[in-house]
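Q: Here it is, the structure, as C-alpha cells.
Each value in this text was obtained by applying a stated rule to the coordinates, not by laboratory testing. These numbers come from a predicted model, not from an experiment. Note that each Cβ is placed from the backbone with ideal geometry, even for glycine, and that neighbours are counted across all protein chains shown.
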Amino acid sequence: MTRPSLDARVKTTLPNPVRPAFERGERDDAVIVNIGPSHPATHGTIQVIAALDGEKVQRVDVHCGYLHRGFEKECEDHTWHNLIPYVDRLNYCSGLINDFAYCEAVETLMGVEITPRCRYLRTLLSEYSRIADHLTCVAASLMELGAMTAFLYLVMIRDYIYEHLADLTGARVTYTYGRIGGLARDLPAGWLKRLGEILDQYEVFVGRIHGLMDRNRIFIDRTRDVGVISTADAINWGFTGPILRSTGAPLDLRKDTPYLAYAELDFDVPVGIKGDNYDRYYVRMREMDESVYMIRQLMDLLPEGPINVDDRRCTLPEKRLVYTEIESLINHFKLIMEGPDVPAGEVYAAHEAPNGELGFYLVSTGGGMPYKFHVRSPSFVHMGGVQRLLEGYQLADIIPTFGSVNMIGGECDR
C-alpha cells in the first residue's frame, strides 16, 4: 500500500488546506517577480511578490517580518522608564510622537496630569515631528519619480529640523526625550527664535515644490488614478492617517478625540477626493502647512513654568538634590533600578502619528515593569491591505505607490 503524498495528507488533516502564494490558473504565462526584501524601492525589509502579465500587475503578495526585533517582549523586560529608548525606534522619522503617546498611556495608569508647559511643548514637538516625517515621505517619493531638485529642497528643510531637534534633545533621530510625567529638559535659549526661522524657510522651499510638482505633467501622469482605494475599502482594511483621509474621510484623532492641547488650536483636516497617489501627496503637503499654522499658535500660547510634575513616583529628583540629600538619592536609585510603581490596570492610548493611529495597550500588575506591552503600529496594519493599492496597475507603479504609503520598517516589524 502506497502512502499518500504530502499534499494529500495536508489537505485531509488541515481544515484550511495550505495553498501556494500563487496558484496556476488557466494561463500559466504569468511572470513572478520578487521585489525585496533588500531593495531600495521597498523603503525597508519588505518582500513584494508580484505576478505580472507583461507590465501589468495581476496579483501581489506582501511579506513583512524580516526586521522583526521582538520590540514588545523586549519592553516587557525593562522598567517603565528604561524602555523609552525602544519606543523611539518604532517610527524613527518622528520618534517624539512615539515617546509622548507611550508616556501618556503610563501617566493615565498612574493618574498623573502633566504641567501646562509640558502639554503645550509636547503638542508643538509632535507637529514639528509630523513635518519632518512628511518631508521624508514626500522627498523619497519624488526622488523615485526622478524629481531630484524637489528631493533636495525637502531634505534640506528636514535636515534643519533634525539639527534643531538635536539642539533640544541631544540626539539626531532617536531622541529619548519623553519622560513619564514630563520631558527630559526644557527649551534651550534661542530655540524658539531658530524655530521661527526654520518655519519661514520651510514656506519658501515648499512653495517651490508646489511650483515644480503640482501641475507637472509627468508627475500627474504617474500619480493620478494610480493606487486608488475607496473609503469603504480603506476602513475595512483598518487604514488610518493620510491614506484614509486621501479617500475623502476627515478622520483625525486630533479632532475626533482631542488630546494634549489640540482642543485649543485652530486647524483643518485636509482630505483628498479619489484616494490615489496624487491625493496622498496633496494631503501630506497640506498637513505640513496645518502643522506650521499650529506651531505658530503654540509658540504664542506656550506658558512659563515647570515641565515635570512634582511626583516622586515617576519624576527623577534634581541632580543637586541627589548629591546632597539621602532621600533624593534613594528616590533616584529606586526609580532607575526598580522603575516607577505603576498601579495595576490596563490602558489604551492613541495619538495621531504621521502615518495614522499609533496606539499603546499596556497592562500593569503593579510594580516597575509592564506585564503586557502592545503597540498598534499603522505601518503594520497598512501592509495587511497594501495589495489593494498595487494590483491592476503597472510594475513601475509599485514604486511610487509604495512610497506614498510610507511604510516604516521599525514600526511595521516591531
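Q: Can you work out the FRET efficiency for the pair Leu67 and Tyr293, with r the C-beta to C-beta distance and R0 = 35 Å, to the nearest 0.05? Write out the running numbers ahead of the final one.
A: Details: r = 35 Å, r/R0 = 1.01.
With a Förster radius of 35 Å, E is 0.50.
Q: Over all alpha-carbon pairs in the stretch 134-285, figure out the percentage whose distance exceeds 23 Å.
A: Numbers: 5913 of 11476 pairs.
Of all Cα-Cα pairs in the stretch 134-285, 52 percent lie more than 23 Å apart.
Q: Continuing with this model, one more query. Given 10 °C and 1.306 mPa s, how large is the Stokes-Einstein diffusion coefficient of the stretch 66-163 in µm²/s, with Rh as the Kirkwood radius over Cα pairs? Spell out each step's value before the answer.
A: Working: Rh = 15.5 Å.
D = 103 µm²/s.
Q: Taking the Cα atoms only, what angle lies between the long axis of helix 326-337 and the longest principal axis of the chain, rounded to 10 degrees?
A: Approximately 10 degrees, to the nearest ten.
Q: Now for a different question. Cα to Cα, under 20 Å, and not fewer than 8 places away if on the same chain: which aspartates and glutamates meet these conditions relative to Lys56?
A: By straight Cα distance, Lys56 reaches Glu23, Glu26, Asp28, Asp29, Glu144, Asp221, Asp225, Asp276, Glu391, Asp397.
Q: Using only Cα atoms and rounding to the nearest 10 degrees, what angle (0 to 90) does helix 95-110 make with the longest principal axis of the chain?
A: Taking Cα atoms only, the helix is inclined about 60 degrees.
Q: How far apart, in nm, are two points set 7 Å out from the Cα along the Cα-to-Cβ line at Glu203 and at Asp310?
A: That separation, rounded to one decimal, is 4.1 nm.
Q: Here is a follow-up. Val173 to Trp191: extension gain in nm, 0.36 nm per residue of separation minus the Cα-Cα distance?
A: Values: separation 18, 0.36 × 18 = 6.48 nm, distance 1.77 nm.
Value of the extension gain: 4.7 nm.
Q: Give the order of Asp53, Asp233 when sorted by the count of other beta carbons within 10 angstrom, beginning with the fewest.
A: Working: Asp53 12, Asp233 15.
In increasing order of surrounding Cβ atoms, one gets Asp53, Asp233.
Q: Roughly how tilted is helix 191-213, in degrees to the nearest 10 and between 0 and 90, from the longest Cα axis of the chain?
A: Value to nearest ten degrees: 20.
Q: Return the single residue from Cys314, Cys64, Cys137 with maximal mean-square fluctuation; model: Gaussian network over the chain, springs between Cα atoms under 10 Å.
A: Highest fluctuation of the listed residues: Cys64.
Q: Now, a different point. Once the Cα atoms of the chain are picked out, what are the Rg and Dmax in Å?
A: In Å, with Rg to one decimal and Dmax whole: 23.6, 86.
Q: Going by how many other Cβ atoms sit within 10 Å of their own, how do Ile157, Ile97, Ile330 line up, fewest first?
A: Ile330, Ile157, Ile97
Q: Given 10 Å bins starting at zero, what is the percent of C-alpha pairs of the stretch 300-389 in each, up to the one with the largest pair distance?
A: Percent of Cα pairs in each bin: 14, 26, 28, 22, 8, 2, 0.
Q: Debye calculation, C-alpha points only, no solvent: report log10 I(q)/I(0) for the stretch 138-200 at q = 0.17, 0.22, 0.24 Å⁻¹, in the same order as the q values.
A: Result of the Debye calculation: -0.70, -0.91, -0.98.
Q: Same structure, new question: Nearest 0.05, what FRET efficiency do Ile49 and Leu321 give at R0 = 45 Å with Cβ-Cβ as r? Intermediate results must be reported in sequence, preceding the final value.
A: Working: r = 59 Å, r/R0 = 1.31.
Efficiency for this residue pair is about 0.15.
Q: Mind checking which lysines have their Cα closer than 21 Å to the Cα of Lys372? Skip sequence neighbours fewer than 8 apart in that chain.
A: Lys73
Q: Further, regarding this structure: Find the centroid of the Cα atoms in the stretch 367-404 and in the stretch 92-124, then give the distance between the two in whole Å.
A: 25
Q: Quick one: what do you get for the stretch 243-324 if you divide its Cα Rg by 2.2 N^0.38 Å?
A: Numbers: Rg = 19.2 Å, N = 82, 2.2 N^0.38 = 11.7 Å.
Expressed relative to 2.2 N^0.38 Å, the Cα Rg reads 1.64.
Q: Work out how much length Glu391 to Leu301 would gain on full extension: take 0.36 nm times their residue separation and subtract the Cα-Cα distance, in nm to one decimal. Numbers along the way, then the final one.
A: Numbers: separation 90, 0.36 × 90 = 32.40 nm, distance 4.75 nm.
Between Glu391 and Leu301, full extension yields 27.7 nm more.
Q: Let me ask something else about it. For the pair Ser230/Ile273, report the inter-label distance in nm, with labels modelled 7 Å from Cα in the Cβ direction.
A: 1.9
Q: Which of the lysines could a cross-linker span from Lys334 if the Cα-Cα distance has to be under 19 Å and same-chain partners fewer than 8 positions apart are dropped?
A: In chain and number order, the partners are Lys319.
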